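Contents: one structure, followed by commentary.
Rule-based calculations on the coordinates, nothing more; no lab input. Keep in mind it's a predicted model, so treat the numbers as computed, not measured. Heads up, the Cβs are rebuilt from the backbone with ideal geometry, glycines too, and the neighbour counts pull from every protein chain shown.
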Amino acid sequence: MAASILKIAVTCLSRYSSHSFLAVRTFSSCLPIRQGVPPTLWKLGRLNHVAVAVPDLEKATALYRDVFGAQVSAAVPLPEHGVYTVFVELGNTKLELLYPLGEKSPIAGFLQKNKAGGMHHVCIEVDDINAAVADLKAKNIRLLSPEPRIGAHGKPVMFIHPKDCDGVLVEIEQT
C-alpha cells in the first residue's frame, strides 16, 4: 500500500515538475534567507545613541536629569567636531545632546534651520570601521570625511551622508 502511494506521488511530481509554479515553490523554499546578499567584512551592531541638537544645553540637561530622572554626563567640549556633548543614559542606549562649539560648528548651522532643535543623527556600532569605510567608498556611498575621526567616546567614527541614508545622518562607530 505504501509503495503504491509513493508511486502515485512520484508520478504526480514528475508530471508537474515542468510547471514553473512547482519549480519556483520548490526552488524558493530551499534557498537560504541571505542567498544573493553579498557577504561583507564588517557588520552593523547595536544602536549606540540618538543625537539631538539643542539650542540650550543647560535647559536640555536639566530636563533629562531633573524632570525625567535620567543619569546625565557633564558637558564635554569636542573642538575637533565643533560641539559640546552631554550623554543621557537610557539603559539600552543613550541620547547625545549636542550644542554648538565655535562659529563653524555644524550644529550651529543645524540650529539656524531648526530653531527649537531636533534629532540630528543616529549612531550605529560597527565591528570594523576601516572595513566599513572601505566598503562604503567602494559602493559610492558618500562619507562626510575622508577618514574616520575620534568621536565623543574616544573611538573612531564616520558620518554617512543623509542623501545616501534615506534622509538620515548616520554615524558609525567602532565597537
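What shape does the range 44-110 take by its C-alpha gyration tensor, where a ≥ b ≥ c are the square roots of the eigenvalues and a/c under 1.5 counts as rounded, a/b above b/c as prolate, and the rest as oblate?
It is oblate, given that a/c is not under 1.5 and a/b is not larger than b/c.
In whole Å, what is the distance between the alpha-carbon centres of the range 51-84 and the range 101-123?
13 Å
Just the number, please: percent antiparallel of the DSSP beta bridges in the range 44-174, rounded to the nearest 5.
So the antiparallel bridges in the range 44-174 amount to around 70 percent.
Lysines near Lys163 by alpha-carbon distance under 26 Å, same-chain residues fewer than 8 away left out - which ones?
List returned: Lys43, Lys94, Lys104, Lys113, Lys115, Lys137, Lys139, Lys155.
Grab the Cα-Cα distance for Arg149 and Cys165, subtract it from 0.36 nm times how many residues apart they are, and report the gain in nm with one decimal.
3.8 nm
Using the 2.2 N^0.38 Å rule of thumb for compact globular proteins, work out how the range 44-174 stacks up: its C-alpha Rg over that value, please.
For the range 44-174, the normalised Cα radius of gyration is 1.05.
Length gain on complete extension for the stretch Gln71 to Val50, per 0.36 nm per residue less the alpha carbon to alpha carbon distance?
Stretched out fully, the Gln71 to Val50 stretch lengthens by 6.0 nm.
How about the range 55-134: which GluC sites (Glu not before Pro) there lie in a loop by DSSP and see at most 10 other Cβ atoms within 10 Å?
Glu80, Glu103
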